[in-house]
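Below is one structure, written out as structure tokens; comments come after it.
The values are calculated or read from the model by the stated rules, or taken from the named source; none is laboratory data. Everything quoted here is computed from the prediction, not taken from an experiment. All Cβ positions, glycine included, derive from the backbone under ideal geometry; neighbour counts span all protein chains shown.
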Amino acid sequence: MTERRVLTLKHEGTERRVPIDVPTVIGRSDAYYRYTEDDERPDRLDPDAVERLARLNYIKLCSEKGVSRTHGLIDPCAAEGPVARDLSSTNGTYVNGRRLAAGAGDAGPPATLRAGDRLTVAKATFTVELQDVAASVLAARIQTQRRAVVAADDAHAPRARDLVTYLTERKGFSVRGSRGWPATIAAVYQLQAEAQDEGVAVLTVVGQARGDELVLEGEGLPLAKLLPLLARIPGRKVLALESDGDPSSIERIFAQLAFEDMLLLTVTGATRLADSFRGSIATSGLEQMKKSVSGESPALRGAFDQLEDGLDALLAADTNALEVAWVKSYVGRLKLAFGDRRRGDDAALSHSLRLGSTTYRF
């Protein structure tokens with residue numbers, strides 16, 4: 001049975017837990033900060049090390065000055081087991097009271113992390129928790145944090161059924177279908193109650209874009225009225241829109257009003273999956289869909305520009321952190337817009353979908 005080692009940091013003051021399932025940089029920045037000669041300290045890392053670190057996952061632990069912007073690195077997947085490294089931080093990274101050595105132009109040497117170890121960064125101390133979990137159990141755990149609503153009108157009902165099947169069977173979502181705005185708003189309220197901070201909530205709308213409104217059953221709802229409802233859903237939020245009209249006004253308003261933990265995925269024109277994709281959708285064509293989005297197979301680019309393409313690229317089986325790196329190289333009908341508004345410091349946890357990072361406040 002395939003197992004994965006799950007590493008969690010438990011904050012000793014609040015007992016809140018920070019899951020770390022991929023190599024992750026911790027500090028007081030949610031992206032790699034490139035120091036310049038004008039900064040209070042020049043970057044002590046070599047350019048090659050900087051580029052490697054810039055591509056990793058980031059967790060912003062706190063904003064106090066004692067924490068360096070890019071303070072340390074935790075790798076739960078290292079060959080020798082979970083390890084911590086110092087990234088030439090000003091005040092050091094400590095394991096069980098011992099300061100970790102800094103590296104010369106790169107991350108410092110690894111220090112093995114064991115269950116019960118105490119990791120200290122500035123004034124914050126965390127207890128290391130380790131658990132070996134079967135891959136199937138981990139996938140099931142991740143799926144319990146996935147909720148979705150697929151909204152449509154009668155004219156788009158067949159397409160909505162395709163999307164419900166896809167999200168349920170391929171991505172492990174618990175999905176509600178709705179017709180018209182009254183039923184959809186009620187379903188969004190259910191998302192507010194059921195979604196989790198570490199999870200993903202997807203609202204898929206298959207209808208018409210009319211200026212700044214989304215139209216279902218002839219009734220238009222301004223996006224500016226929908227966004228506050230979505231903002232109150234915990235965790236990462238994706239609004240997936242397949243519209244008969246031009247969604248450019250929707251995209252512009254979303255970028256202005258949405259928070260950084262919200263993402264808009266749009267495609268113009270109603271489409272239906274070919275017969276080979278219906279039912280369980282467990283066909284080899286899905287691999288072609290992935291290659292179309294990722295650019296792995298340029299000849300396929302544009303061949304499968306549907307919402308399923310974007311959702312397949314965003315959502316992996318083993319994590320609820322959304323993958324957005326493919327957007328830079330993608331050329332096709334799908335468009336992504338990120339919210340720019342930041343959550344205030346009163347939020348205990350927030351995500352930045354554009355940066356692929358998470359901020360914890362203790």
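Looking only at residues that are part of a strand (DSSP E or B) and of a type in the set (A, V, I, L, M, F, W, C) in segment 79-103, which one is surrounded by the most Cβ atoms within 10 Å (Cβ to Cβ)? Explain how you work it out, then say what you get.
Going through segment 79-103, the residues part of a strand (DSSP E or B) turn out to be 83-86, 93-95, 98-99.
From what's left, of a type in the set (A, V, I, L, M, F, W, C): 83-84, 95.
On the way: 83: 21, 84: 24, 95: 20.
Applying the filter and picking the extreme gives 84.
Enumerate the strands (runs of 3 or more DSSP E) found wholly within segment 311-362, keeping only those where 1 or more residues are over 21 Å from residue 196 (Cβ atoms), of a type in the set (A, V, I, L, M, F, W, C) and at pLDDT 75 or above. Give the steps one after another, and end with the answer.
Details: elements: 335-338, 349-352, 357-360.
Result: 335-338.
Could you please find all residues in segment 48-76 being at pLDDT 80 or above and over 15 Å from residue 19 (Cβ atoms)?
66, 67, 68, 69, 70, 71, 72, 73
Name, by its number, the condition in (1) polar (S, T, N, Q); (2) assigned to a helix (DSSP H, G or I); (3) surrounded by fewer than 15 Cβ atoms within 10 Å (Cβ to Cβ) that does not hold for residue 131.
Here residue 131 clears every test but (2).
Please enumerate the residues belonging to segment 168-199 that are touching a residue at least 60 places away in the same chain (Cβ under 8 Å), assigned to a helix (DSSP H, G or I) and within 22 Å of residue 351 (Cα to Cα).
none
Which condition does residue 137 not pass, out of (1) of a type outside the set (Phe, Trp, Tyr); (2) outside any strand (DSSP E or B); (3) modelled with pLDDT of 90 or more, if it passes all the others?
(3)
Among the strands (runs of 3 or more DSSP E) confined wholly to segment 204-265, which include 3 or more residues that are surrounded by 15 or more Cβ atoms within 10 Å (Cβ to Cβ), touching a Cys at 6+ places or on another chain (Cβ under 8 Å) and in contact (Cβ under 8 Å) with a residue 24 or more places away in the chain?
On the way: elements: 213-216, 219-222, 236-243.
Of the strands (runs of 3 or more DSSP E) lying wholly inside segment 204-265, none has at least 3 residues that are surrounded by 15 or more Cβ atoms within 10 Å (Cβ to Cβ), touching a Cys at 6+ places or on another chain (Cβ under 8 Å) and in contact (Cβ under 8 Å) with a residue 24 or more places away in the chain.
When you scan segment 104-118, do you find a residue that is modelled with pLDDT under 85, within 25 Å of residue 135 (Cα to Cα), of a type outside the set (Lys, Arg) and part of a loop (DSSP other than H, G, I, E, B), even just one? Show your work before the answer.
The first filter runs over segment 104-118 and keeps only residues modelled with pLDDT under 85, leaving 104-106.
Still in the running and within 25 Å of residue 135 (Cα to Cα): none.
There is no residue in segment 104-118 that is modelled with pLDDT under 85, within 25 Å of residue 135 (Cα to Cα), of a type outside the set (Lys, Arg) and part of a loop (DSSP other than H, G, I, E, B).
Does residue 154 satisfy being over 23 Å from the mean Cα position of the chain (by Cα), under 19 Å from residue 313 (Cβ atoms), in the same structural domain as residue 316 (by TED's automatic domain parsing) and of a type outside the set (Ser, Thr, Tyr)?
Details: over 23 Å from the mean Cα position of the chain (by Cα): yes; under 19 Å from residue 313 (Cβ atoms): no; in the same structural domain as residue 316 (by TED's automatic domain parsing): yes; of a type outside the set (Ser, Thr, Tyr): yes.
No.
Condition check: of a type in the set (A, V, I, L, M, F, W, C), modelled with pLDDT under 95 and surrounded by fewer than 19 Cβ atoms within 10 Å (Cβ to Cβ). Does residue 124 satisfy that? Please lay out each step first, then the result.
Values: of a type in the set (A, V, I, L, M, F, W, C): yes; modelled with pLDDT under 95: yes; surrounded by fewer than 19 Cβ atoms within 10 Å (Cβ to Cβ): no.
Against the criterion (of a type in the set (A, V, I, L, M, F, W, C), modelled with pLDDT under 95 and surrounded by fewer than 19 Cβ atoms within 10 Å (Cβ to Cβ)), residue 124 does not qualify.
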